[in-house]
1. Compute the relative contact order of the chain as a whole-number percentage, counting only Cα pairs closer than 8 Å that sit 6 or more residues apart in sequence.
2. When the helix-only estimate is applied to the chain (DSSP H runs of n ≥ 4, each -39,500 (n - 2.57), divided by the residue count), what is the mean residue ellipticity at 222 nm, nearest 500 deg cm²/dmol?
3. Rolling a 1.4 Å sphere over the protein heavy atoms, what is the accessible area per residue of the stretch 360-423, to the nearest Å²?
4. With a 10 Å cut-off between alpha carbons and a GNM built on the chain, which of 291, 257, 58 moves the most?
5. Using a Gaussian network model on the chain with a 10 Å cutoff between Cα atoms, which of 138, 116, 247 fluctuates the most?
6. Assign one of three labels to the stretch 260-414, namely rounded, prolate or oblate, based on the Cα gyration tensor with a ≥ b ≥ c the square roots of its eigenvalues; rounded applies when a/c is under 1.5, prolate when it is not and a/b is larger than b/c, and oblate otherwise.
7. Does the stretch 145-220 come out rounded, prolate or oblate, given a ≥ b ≥ c as the square roots of the eigenvalues of its C-alpha gyration tensor, rounded meaning a/c under 1.5 and, failing that, prolate meaning a/b above b/c?
8. Springs between alpha-carbon atoms under 10 Å, Gaussian network over the chain: tell me which of 53, 154, 144 tops the mean-square fluctuations.
Amino acid sequence: MIEVALATFIFIALLMAGVPVAFAIIAGTVVGLFVLGSLPMEALTQQSVSPLSDYSMLAIPFFILTAELLFSGTLGRQVIGLATRVVGRFRGGVGMTNVLTNVAFSGISGSAVADATGIGKVVIPWTKKIGYSAGYGAAVNASSSVLGVIIPPSIPMILFAAASGVSVAAVFNAGIGPGILMAGLLLFGCWFVAVREGFPRIRAKLTPKRFLIDLLFATPAIIIPVILIRVVLFTGIATVTEVAVLAVVYAVAVRVLLYHDLNTSQLIKIIVNSAAASAVVLLLIMFSSALAWLLTIQEAPQSLAAFMTENFQSRTTVILAIVLILLLTGMFLDMAPAILLLTPVLLPLATAVEMDPVHLGLIMVTTLAIGLYTPPFGTTLYISASIGKVSVIETTKALWPFYLLAGLVVIIVAFFPQWVGVI
């Protein structure tokens, strides 16, 4: 087990030194494999490339491309306009607008980072302009953008399905309830904080005619998750990869035929940006899989499962330990490598306490999502603070109510999964 300990130490040391996550992972893996000495280095290449041969992995770049196509056009503004008219007149309405917009786009992107960036660039400056604090705007954006990884389609859910061998459709289906619960609690949080701080209302007039017009123009975004995900995927008409390709075709058609706001140069730029974003994710998948393979051949997952089942006397304490491990990991590691590294470690433990693998997947996704807006390495936290031109410390202070609400979602998913339809 010295190889595992050394690989983990190298990985953590490089990560704390500021080395990009992917390179920290592969460096630790190379050192561990070198010390092991009984396997050729060629095996490292094979294990790195192997996960990318999974057909479902093709869905990731296509979902990223779909999000880029729709965020950069008129449709994004139409969705924000509709959300504003629906909840703008309530206290905290500007925050609620951010939440509802993220709900709409969560069915398109599958990525919290894409949502935090695309929606944040529009909503956070507007939040500051109408009198809300910059910390509040950044906090709402950082926390609500994680709806993109909880409400299907979700890139982390695809990664979990690939790592665990469960059905992508089953994980997607289980994520609907937790996603709705998270969205509802975030809406409550926006209202609560706005009332406590005395933030102003938005004077957004809502008339039946104006509402129908906004709804008509925002419908192309709303029906993507309804038609492509709920109907096409869950009925078995198409696989998750085919659904992702259909979403891209649909997004291009909407931009060209309905909004007339996409030309060749814009399309080329969008494809290049999407390719760069996809490359980052796929590189993390490759190197994380290599480290997970090293842990597996050294039987680290089985050892952890045996240790925890011997030392924790009940299923409840084991689940609590899993949640704490995920919370701690999420603070330092992005979701993609965390899921790929921890799934083979935690799956034997879940099996030992007779936990459904889909249930484990939802615990992992909802818990690790909190790490996206938690210091010291929260991705959506830094993105939102940067867009709002506010310090990370101030944003973190404004996030405390949202941390508590997210924690409540994790507790419900972990210990009362039947309440939200996970099992």
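The values are calculated or read from the model by the stated rules, or taken from the named source; none is laboratory data. Here the structure is a predicted model, which is why all the values come from computation and not from measurement. With ligands, DNA and RNA removed, areas are computed over all heavy atoms of the protein, side chains included. Shrake-Rupley method; radii C 1.70, N 1.55, O 1.52, S 1.80 Å.
1. 25 percent
2. -24500 deg cm²/dmol
3. Value for the stretch 360-423: 38 Å² per residue.
4. Result for the chain, Cα springs under 10 Å: 257 fluctuates most.
5. Looking only at 138, 116, 247, the largest GNM fluctuation is found for 247.
6. Oblate, because a/c is 1.5 or more while a/b does not exceed b/c.
7. Values: a/c = 3.82, a/b = 1.70, b/c = 2.24.
Since a/c reaches 1.5 but b/c is at least a/b, the shape of the stretch 145-220 is classed as oblate.
8. The residue with the greatest mean-square fluctuation here is 53.
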